[in-house]
Structure formats: C-alpha cells, structure tokens
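Asks: Handing you a structure now.
The values are calculated or read from the model by the stated rules, or taken from the named source; none is laboratory data. Because the structure is a prediction, the values reported are computed rather than measured. Here the Cβ positions follow ideal geometry from the backbone for every residue, glycine too, while neighbour counts run over all protein chains shown. Note: areas computed on protein heavy atoms with side chains; ligands, DNA, RNA excluded. Shrake-Rupley method; radii C 1.70, N 1.55, O 1.52, S 1.80 Å.
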Amino acid sequence: MPIKSSSLQVLYRQMLLIRRAEERLQKLFADGDVPGFLHLSIGQEAVAVGISSVLGVADTVSSNHRGHGHALAKGVSLSGFFAEILGRADGVCRGRGGSMHVADLSIGMLGANGIVGAGMPITTGSALALKMKGAGNIAAVYFGDGALAEGVIHECFNLTSLWSLPVLFVCENNGWSEFSPTERQLATSLERLSAAFGIAFASVDGNDVVAVADQADKFVNQMRDMPSPRVIECQTTRIRGHFEGDPQDYRNKEEMSMMSERDPIARARSQLLAEGLSDVWFEQLHAEVDSEIDVALKLAKGSPEPTSDSLVADVYTPRLGVS
Amino acid sequence: MPEVRYLKAVNQALYDAMEVDDSVFVIGEDVAAAGGPFKATRGLLETFGPGRVYDAPIAEAVIAGVAVGAAMTGMRPVAEIMFMDFITLAMDQIVNQAAKARSMFGGQASLPLVIRAPHGGGLNAGPQHSQCLEAWFAHVPGLKVVCPANAADAYGLIRSAIDDPDPVIVVENKTLYAAKSELPDDPQAVPIGKATISRPGRDVTVVTYGAMVREALTAADQLTIEGVDIEVLDLRSIQPWDEAMVVSSLARTHRLVVAHEAVEAFGVGAEVVARMADVGFDELDAPIIRVGAPFAPSPFAKSLEAAYRPDASDIVRAVRRTLA
Ligand SMILES: Cc1ncc(C[n+]2csc(CCOP(=O)(O)OP(=O)(O)O)c2C)c(N)n1
Ligand SMILES: [Mg+2]
C-alpha cells in the first residue's frame, strides 16, 4: 500500500525529531559534553524513518556506527538515548555502550555496532529465529556502502538466500567510507552482488522518505508472506563529516551544495506545503519536537555518571543459587 | 555403571537438551545429514528434523553470527566449529558481539549460546587442525569456557552450557572422542566453574584439564613406583575456574604443577600459576612448574608431533623437579 499524505506528516515528524536530536548532540559535542566518537546521520534520516514505518516491535533491526536514526525510529526512548550518548547511568545501556552501541532488545533494536558489517550475521541469526517462530516477522539490517567490502556480506547473502531467511538488507549508500569514496572500495555494485545470490534488489532515492517507505512496504509484505531476503540500496547523503570534528578536506564544494538540495527533510516539507499544510503547522510541530527534546535532554543531563561499583556488573547473568 | 565413548556422551547431551527445550537448535558444517564430522550430532536430524538441525555452508563468521542473532531473538543455539582452528574466522562474532552484548547493553539481555569446538593434536593433522586455543577465550570477559575430560563431564558440562544464560565455549579434545568412560544411566548436569579431584594424593598437586587429565593419571601411576603420591585436579571449567579448590589442594600438598596440551607461554597455566603465586604464596614449598607445548606451531610429522605434545613423562619430570 503506498504511503498516504497523512502518514507523510508522521514520517516528517520522526525525521525532524532525529535531525533536531542530532543537532543538539552536535552542539553538545562541540562544547565537549559528549565523550568518545560521534557519527551523525544528518542527511540520512529518511532511510531509518522510511524503513521503520513498516516494522513492528516484533521485527528486529541491527545497525552500525551511524545508528542514532535507526534507534530512534525503532522507538528507543529519547531520554535513554541521550543519557547513553552522554555516558550516564540512566542511558539505555547504563552508560556502557555509548553512541556506537545504543540498543533496546525489548523493542527489537539489537544494537548499533562498532564493527563495520557485523550487524549482518547477527541479523541473519535473528531472521532464522523469527522464521523458526513462524509469526511472519522480519529482521532488518542497516549498513553503509563501506560494509560492502567486508567478507561477511558474502556469507550472509549466501545463507539468507540458501535458507530463505527474512532479512531486509538496507544499504545506506552515502558515497563515503570514512574518507574514501565508494568507487575506490568496491569492484562491483550491490545490485550485481544481490543478483549473484538471487536476492531481489531495489535502488531508491534514500532522501525521499516516501520512496523508501513504499519500497520497504512492498518488500516487507512479500517477506512476511513468504520468508526470503531482500536488498534495498538507499542513495543518501552524509551531510556532516565521518565523525564530529572531521575537517572534511577531502570533499569538494559541489558535493556540499548538491547535498543541501537533496536534504530529505526540506524535501518532505515542500511536499507537505504543496499538499496545503501551512507554515503555522510547521512552526507548531517544530516547537513541539524541540520541547520533547528539551525534556529528554534535561532528564539525561540530570542522570548521574555511572559509578565504579557497576564496573563489572552484567559481564555475566546473575544466577540464583549458583555461585 | 556403563562405559560409553566420550562422543556418545556429547551426542546424548545434545539430544536430551533438544528434547526438553524446543528453543535449542544445532548448526554447523555437516552436522545434520552427515551426523557431524566427528559424528557428535549423529541422529539429531532424524529425530528433530531440518527445522532444528542445520547444515551450514562453510561460513564460520555467519555460523557464529547466527548463534548471536538467534540468541538475541529468544533461541538457544548450539553451533559447532569443525576444528577449533577454524574459530579464527568467527572471532568478531564471538569476541566483539557475543561476549560483550550483555555488559555493553547494560544488562538488558543474556545470550544463551554454545559454541562447541574440538581442539588438540594427536591425529597428525598439522598446524591448522591441532591447536588448543582455549586461553584466548578465557581472556575475554563475557565468555565461559569448559573443557571436559571424560564422558560424564562432557555430558554434564554440555547440558550446563546449553542451560547457561551466557555464551559458553565447549572445548572437546579430539583424542578423547573415542575413549570410553563411565556415564550413569541417568546422567546429570555438571556445574560450570567446579573442578574435581580425579585422583587424591599427598605430595604434589597437578592441575590440568582435557586430555592431559589422562596423562596426569598415567604419570601418577609411574610416580607411585617412586613413592610419590600426586593429586590430579581436573579443572573441567577454565573460565570461570575453581580457584578455591586449587588453593585447598595446594594447602595439602604445598607443591604445584600445572599441565595442559596448549602452548605453555601465556596459556591457561600462566593464569593459574599467577594466582597461586599470590593467594597461594604461603602454601608453596617449591617453585611452581608448568607443562605445556613448546612455543612453536603444532607440527605434522609423527616424530615431531609426538615430541611436541606434552605427555605423562613431561608431567613426571615436572613433579620430580618440584620435589628436588
Ligand atoms: C571492522 C571495522 N573496520 C574498520 C572500522 C573503522 N570504520 C568505522 S566507520 C568506517 C567507514 C564505514 O563506511 P560505511 O559503511 O559506508 O558507513 P558510513 O560511515 O558511510 O555511514 C570505518 C572504516 C570499523 N569500525 N570496523
Ligand atoms: Mg558510507
């Protein structure tokens, strides 16, 4: 079923929430308040939001180092998300994971990942479990174009195709793998790789949230009826550097200006304006989203730093009656 | 008590675990139709069907990844890595994913997965089919490692490993597979982390595990002739290991030898020795001696492999040194 304009409003709101949340993180990072590495997904929000629009809580997703949007779109709590990235005790991972490991298994968010490509084997296993349970759920994995050069993609394409496992492979092709362009990383294309394993493939404009959602809807419905893998390649744009603080001297001005023209949020906004929504509607929505973020961020900042008594907790599962 | 082959006990443990819990499934190379490269999974496909016993392609990273992802999604996978040497191709999923998931996600989840891996030489299988790599995994927080030495412990530790909420690496010595030992008609789980005294003795404690337990018992027989009475302590679990039992044995014998088939340097024995040099210091009447393979890859030629693998005579020599 194609996405209706009423749901475009919902998708727009989600994209905006991710954008504003990451813009706040960007500022916090610049002020020295975010420890570690920070990879922002600004410019890529339409992928996470479009894909998640067709997933339920019993469907699983696995993500990569650029996973803030994936987590929020799957429904990770905003305050728990901020607290985690700030390294606080009330973070979704109690401050032990950080930006690259945001997870909430209770809603099927199996984790961002610090290892390029590592989400694919995990998702393959999750899909096998879901298929064994037989309730028509699917497992999606987000990865970048850089992950196409990792060996595990071969193993995972092969196994999911051979065993007809319901994995939705979602490639966010932003043209960059750290500081190197994709064409210097891969001797083939994702389309040809998919074809080699007999996996249905679609390429979409990853900055058009409706296009992503429509394609995901089509694929996921097929997968629920008859488990088997699918690949969606989303052409998208990494508006920020590889990480915050990246001087990006390897990129040129043309690319930068092309990216602002392709901004997924600006595009959805013009679509909604064309459909008759007023500036006032947008103002209200922005105010609402900002205050939601203010509340969550306040909670997160109020959370204490984890204390060293939790240092070795949770390495293993405590067992009653077993020492 | 009936005597059965070690392999039969492994098979029985898998069978019983699958029978009592539908979420247990088996995956590995040639584990289904062929019944396993060493026949550890024989008959499971026939009993439980292709929905619970999976012949995987030769793809160790995704075999381990399937275990991780399925464990995150409510199953209890048991993956077989055909030779422990091949586990190198699955390291990311085991070390970066399985081991860390619970801690890294703030205790949200447990990953009840088992990886079975046969280790050890003695088959002239050469440098890439003979290694004992258990120390690598014992070094990684979040993993448990067991290495049973006989049929009853193989059964009991595999049942415990499958029941355990966390990732467990079960290391099985290939030369033990055909060896027979007692397995009760109603075999029981063996708790992870508990050692056992295979042979009580007064003079020297020999801490060991896996196939070296047999060598230590042979050494004990030889040493009896010399009037030396050694205690053979089988660790059974390597991570966690039973420090308390080692200390209490040392408190009786005051002399310690630690023996394993793995390369001596930086091995499991190094950890045991370091702890005993600390918490057991006051009990020691002699330097602690390690027995392990020399610092070289496991060689192929019969003569070389025989010289390479530590055995009863090496243990005898080490015991004599502690008494010298
Ligand atoms: C196994 C591994 N190798 C290298 C890295 C370092 N690294 C982190 S992100 C990245 C580039 C990934 O590019 P891509 O997958 O396209 O994602 P993008 O950053 O463009 O979103 C690299 C090389 C890593 N984290 N893991
Ligand atoms: Mg990229």
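Asks: Obtain the nm distance between the two label points defined at A:ALA58 and B:GLN128 by a simple spin-label model: each point lies 7 Å from its Cα along the Cα-to-C-beta direction.
Replies: 4.5
Asks: If you don't mind, there's one more thing I want to ask. How about A:LYS131: which lysines have a C-alpha closer than 25 Å to its C-alpha, ignoring those fewer than 8 places off in the same chain?
Replies: A:LYS74, A:LYS218
Asks: Based on the Cβ-Cβ distance of B:ARG317 and B:GLU3, what FRET efficiency does E = 1/(1 + (r/R0)^6) give at R0 = 35 Å, to the nearest 0.05?
Replies: 0.65
Asks: Related question: Can you pull the accessible area of A:SER41 for me, 1.4 Å probe, Å² to the nearest 10?
Replies: Result for A:SER41: roughly 10 Å² accessible.
Asks: Which far-off residues, 5 or more places away or on another chain, put their amide H under 5 Å from the one on B:LEU233, with H placed in the peptide plane?
Replies: For B:LEU233, whose amide H was placed from the backbone, the distant partners under 5 Å are B:SER198, B:VAL206, B:VAL207, B:THR208.
Asks: Which residues' amide hydrogens lie under 5 Å from the amide hydrogen of A:ALA89, considering only partners 5 or more residues apart or on another chain, with H built in the peptide plane?
Replies: Distant-sequence amide H within range of A:ALA89: A:GLU305.
Asks: Quick check: net charge around B:ALA286, other residues with Cβ under 15 Å of its Cβ, Lys/Arg +1 and Asp/Glu -1?
Replies: +2
Asks: A follow-up question, please. Return the long-range amide H neighbours of B:TYR54 (sequence gap of 5 or more, or a different chain), with a cut-off of under 5 Å between placed amide H atoms.
Replies: B:VAL26, B:ILE27, B:GLY28
Asks: Is it possible to state the helix-based mean residue ellipticity at 222 nm for chain A, with each DSSP H run of 4+ residues giving -39500 (n - 2.57), the sum divided by total residues, to the nearest 500 deg cm²/dmol? What is it?
Replies: -14000 deg cm²/dmol
Asks: Please give the residues of segment B:1-16, grouped as numeric ranges, whose backbone N is less than 14 Å from a label point set 7 Å along the Cα-to-Cβ vector of B:LYS180.
Replies: Output list for this probe position: B:1-9.
Asks: Something else: Tell me the relative contact order for segment B:3-182 as a rounded percent, counting alpha carbon contacts under 8 Å between residues six or more apart.
Replies: Relative contact order for segment B:3-182 comes out at 27 percent.
Asks: Probe 1.4 Å, all protein chains in place: accessible area of B:ARG42 in Å², nearest 10?
Replies: Rounded to the nearest 10, that gives 150 Å².
Asks: Helix-only mean residue ellipticity at 222 nm, chain B, DSSP H runs n ≥ 4 weighted -39,500 (n - 2.57), per residue, nearest 500. What is it?
Replies: That comes out to -10500 deg cm²/dmol.
Asks: Among rounded, prolate and oblate, which fits segment B:52-178 when a ≥ b ≥ c are the square roots of the eigenvalues of its C-alpha gyration tensor, a/c under 1.5 means rounded, and a/b larger than b/c means prolate?
Replies: prolate
Asks: Based on the alpha-carbon gyration tensor of segment A:137-293 and its eigenvalue square roots a ≥ b ≥ c, which shape applies: rounded if a/c is under 1.5, prolate if not and a/b is larger than b/c, or oblate?
Replies: oblate
Asks: For the protein assembly as shown, what ratio Rg/Rh do Cα atoms give with a Kirkwood hydrodynamic radius?
Replies: Rounded to two decimals, Rg over Rh is 1.04.
Asks: Could I ask something else about it? If you project the alpha carbons of segment B:196-323 onto their three principal axes, what span does each projection cover, largest first, in Å?
Replies: If we take the Cα atoms of segment B:196-323, the spans are 43, 34, 23 Å.
Asks: Excluding same-chain residues fewer than 8 positions from A:LYS253, which lysines have a Cα within less than 25 Å of its Cα?
Replies: A:LYS27
Asks: Please compute, for peptide A:114-124, the average count of beta-carbon atoms on other protein chains lying within 10 Å of each residue's beta-carbon.
Replies: For peptide A:114-124, the averaged partner shielding equals 6.
Asks: If you don't mind, there's one more thing I want to ask. More than 14 Å apart: what percent of Cα pairs in segment A:146-214 qualify?
Replies: Result for the distance tail: 63 percent.
Asks: Rounded if a/c is under 1.5, else prolate if a/b beats b/c, else oblate: with a ≥ b ≥ c from the C-alpha gyration tensor eigenvalues square-rooted, which is segment A:1-129?
Replies: The shape class here is oblate.
Asks: Taking a threshold of 25 Å on the Cα-Cα distance, which of the pairs A:LYS133/B:LYS8; B:LYS39/B:LYS180; B:LYS8/B:LYS302; B:LYS8/B:LYS100; B:LYS39/B:LYS100 fall above it?
Replies: Table pairs above 25 Å Cα-Cα are A:LYS133/B:LYS8; B:LYS8/B:LYS302; B:LYS8/B:LYS100; B:LYS39/B:LYS100.
Asks: Continuing with the same structure: Over chain A, what percent of the accessible surface lies on carbon and sulfur atoms, probe 1.4 Å?
Replies: 53
Asks: Remind me, relative contact order of segment A:148-294 in percent, using alpha carbon pairs under 8 angstrom and six or more residues apart?
Replies: Normalised by residue count, the contact order of segment A:148-294 is 28 percent.
Asks: Explain nothing, just the number: relative contact order of segment B:196-323, from Cα pairs under 8 Å at least 6 residues apart, as a whole percent.
Replies: Once normalised by length, the contact order is 29 percent.
Asks: Around A:HIS70, under 15 Å between beta carbons, what's the net of Lys plus Arg minus Asp minus Glu among the other residues?
Replies: -2
Asks: Can you tell me how much longer the chain between A:GLN185 and A:SER164 gets when fully stretched, taken as 0.36 nm per residue apart minus their C-alpha distance, in nm with one decimal?
Replies: Length gained, A:GLN185 through A:SER164: 4.7 nm.
Asks: Separate question: Net charge near B:ALA32: determine it from the other residues with C-beta under 14 Å of the C-beta of B:ALA32, scoring Lys and Arg +1 and Asp and Glu -1.
Replies: Within the 14 Å Cβ shell, the charges total -2.
Asks: Would you kindly find the accessible area of A:ASP290, with a 1.4 Å probe and non-protein molecules such as ligands, DNA and RNA excluded, rounding to the nearest 10 Å²?
Replies: 40
Asks: Residue-wise, which Karplus ³J(HN,Hα) couplings in Hz belong to segment A:173-186, taking 6.51 cos²θ - 1.76 cosθ + 1.60, θ = phi - 60°, and x for glycine or proline?
Replies: Whole-Hz 3J(HN,Hα) from phi for segment A:173-186: 8, 9, x, 10, 10, 6, 10, 10, x, 3, 5, 8, 10, 10.
Asks: 7 Å from Cα along Cα→Cβ at both B:ALA34 and B:ALA301: what's the point-to-point distance in nm?
Replies: Each label point is offset 7 Å from its Cα along the Cβ direction, giving 3.1 nm.
Asks: How big is the convex hull of the Cα atoms of chain A, per residue, in Å³?
Replies: Here the figure is 149 Å³ per residue.
Asks: Moving to a separate point now. Of all beta bridges DSSP finds with both residues in segment B:196-323, what is the antiparallel percent, to the nearest 5?
Replies: Antiparallel bridges make up about 20 percent of those DSSP assigns within segment B:196-323.
Asks: Also: Rg/Rh for chain B: what does it come to with C-alpha atoms and Rh from Kirkwood?
Replies: 0.97
Asks: What is the log10 of I(q)/I(0) for segment B:133-193, computed with the Debye formula using one identical point scatterer on each Cα and no solvent, at q = 0.12, 0.16, 0.24 Å⁻¹?
Replies: -0.30, -0.52, -1.01
Asks: Starting from 0.36 nm per residue, how many nanometres of slack lie between B:PHE266 and B:ALA324 once their C-alpha separation is accounted for?
Replies: Computed gain between B:PHE266 and B:ALA324 is 18.3 nm.
Asks: Which value in nm describes the separation of the simple spin-label points at A:ARG319 and A:GLN9, placed 7 Å from the Cα toward the beta carbon?
Replies: Inter-label distance under the simple model: 5.4 nm.
Asks: At 0.36 nm per residue, minus the direct Cα-Cα distance, what do A:PHE282 and A:SER310 gain on full extension? Give it in nm, one decimal, please.
Replies: Extending this stretch completely gives an extra 5.7 nm.
Asks: B:ILE197 to A:MET258: FRET efficiency via 1/(1 + (r/R0)^6), r the Cβ-Cβ distance, R0 60 Å, to the nearest 0.05?
Replies: 0.25
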